[in-house]
1. In nm, to one decimal, how far is the residue 196 label point from the residue 382 one, both placed 7 Å along Cα→Cβ?
2. Using a basic spin-label model with each label point 7 Å from the Cα along Cα→Cβ, how many nm lie between residue 481 and residue 118?
3. Note down the nm distance, to one decimal, between modelled labels 7 Å out along Cα→Cβ at residue 247 and at residue 139.
4. Given the peptides 488-494, 64-70, arrange them by the average over their residues of other C-beta atoms within 10 Å, most packed first.
5. Whole Å is fine, so just give me how far the alpha carbon centre of the stretch 183-242 lies from that of the stretch 443-490.
6. Tell me, what is the FRET efficiency for residue 508 and residue 401 to the nearest 0.05, using R0 = 30 angstrom and their Cβ-Cβ distance as r?
7. Going by average Cβ neighbours within 10 Å, how do the peptides 146-157, 312-323 rank, with the highest at the top?
8. Could you list 515, 91 in order of exposure, starting from the residue whose Cβ has the fewest other Cβ atoms within 10 Å?
């Protein structure tokens, strides 16, 4: 109740706060000190990208090591800033009722790691059962990320030998051996340990559950409603600044050291800036991933991870808190399409009425001479073409530790497969498969031609007579038990909701879905799309799925 009252008080205060406009000074509140972790915003300021967008921007650093923390969310809700930098725990604040809008994750990886001394061996969540484990406050995002990895591996936190640590003290605790392992940020902890002459090893919690996003630019939903152009311009200028900073790392690193206060506790600021510049490029996955890319499905999986460890009590619809920079343009396009569709329907109605009049006036003899049956046009789509266009989006959903490849039949038949539906089904199936995979996992998306005659239908449970194009999402994960496989298409009890959704969608296409799985071997989800054109000369369809198995 106290938390709800606090949230209500904040929201009420915000209702009386005036919205910033492009003519006012905009304040960006960082979550940490002035360092390369935030270089893109300083680059946008120094290169004039904010000024060129008509924005007057002030950047306020956050707290450094040993300093009192500054909460960017509170700075925004109390009106002292209009934009802030946060981490994946922003979704916790949103679920508590704060109207935050996530504009752009700058880093596709959070940089959260679990560190231990190089002369020890605590290389997995399970191994931490033997360690004195440093734990940060439960609300700290680093501790939350550790907790989600422990939960994913079935490690009971209550049975661990935990040692309470204050934020920023993990490096010192590892150095003096008061803990054996502790969660920490790759932005500072390895450098601090190196300056102390301590060699560390680490493992990534994301290897055991969904990868959390790192630093994310956010604002208040109200500002985006009242000043949409300001928000759009600020986001675009910030991303332009990050693009510049990651292309000119030495220049920006040198200027950070020369013009801004050095981070507390850092003996070699220039070396530290160079270290962070390389880390920034890696965590952003630059240039392979578009700066600011945000995947709603991934945010949903992050929410589920947070619920699993009790950091979150309820979920929020991701579309409500993820900024869509193309929404306005798409709305204009939709309105234009609606107008065009309306005009087309009116013209079509007029033509139909005219043809009806002509039909009633036709000679009787002429009517008897017309005997051709109308032939309905059939939409034809090529799944290979669609999958080629999806390859980048698929790779963005597959962690780098997992091997991924396409296995596409060159002479694939055309089939009934609407691109938007195929995209949604494939990306959901890929995300579900990737979530089950561990180190050395492999994921394959492939296509084949299939013809099911009476014999093949009997040999293939769930199959239907006809000719189909098969799309398969295959993984070598832990596989499903027989009981789970029997319930795979039950939307309530299924272990893979994406497969149950796909089965329903395939019925709408006139096709069907099948799932093959074995414990310790992996799972394959097959989608069968009805063929819409005769096969090219020389193309032979497999009549038994085993003939074309990967």
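A short reminder: the numbers here are calculations on the coordinates, not readings from a lab. All figures in this text were calculated on a predicted structure; none of them were measured in a lab. As a convention, Cβ positions derive from the backbone with ideal geometry for all residues, glycine included, and neighbour counts pool all protein chains shown.
1. 6.0 nm
2. Calculated label separation equals 4.4 nm.
3. Result: 4.1 nm between the two label points.
4. 488-494, 64-70
5. Cα centres, the stretch 183-242 to the stretch 443-490: 41 Å.
6. For residue 508 and residue 401, the calculated efficiency is 0.25.
7. Highest-to-lowest ranking by the protection proxy: 146-157, 312-323.
8. If I rank by nearby Cβ atoms, fewest first, I get 515, 91.
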